[in-house]
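First up is the structure itself, then whatever we jot down about it.
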Amino acid sequence: MPRSDPVHTVMLTQAGTQGGFSWSGLVIVLIAFAVFYPLQARLRTTLSERRRRRWAEQEGTGPSSSDRSEDHEE
């Protein structure tokens with residue numbers, strides 16, 4: 001008689017007990033969204049501002065470029 005593998009038995013049992021919709025799963029996803037969305041939005045804003053400042057400085061229209069030109073005239 002073949003011996004049953006405990007790992008496969010547990011996997012089959014867990015797969016058979018999974019249902020459809022889970023309220024607790026929905027709550028977890030909503031909490032994760034509420035935490036991570038503002039963080040990524042702030043990060044995107046900060047990085048975008050830094051990038052625009054760097055581009056402006058590279059093109060010579062940034063505030064630090066006028067400071068640099070005054071330093072070189074002395």
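The values are calculated or read from the model by the stated rules, or taken from the named source; none is laboratory data. Treat the numbers as computed from the prediction; the structure is a model and nothing was measured. Heads up, the Cβs are rebuilt from the backbone with ideal geometry, glycines too, and the neighbour counts pull from every protein chain shown.
Quick check, is Phe21 of a type in the set (A, V, I, L, M, F, W, C) and at pLDDT below 95? Here the answer is yes, as Phe21 does meet what is asked. When the test is whether a residue is in contact with a helix residue (DSSP H, G or I) (Cβ under 8 Å, 6 or more places away or on another chain) and either of a type outside the set (Phe, Trp, Tyr) or modelled with pLDDT of 60 or more (or both), Glu73 does not pass it.
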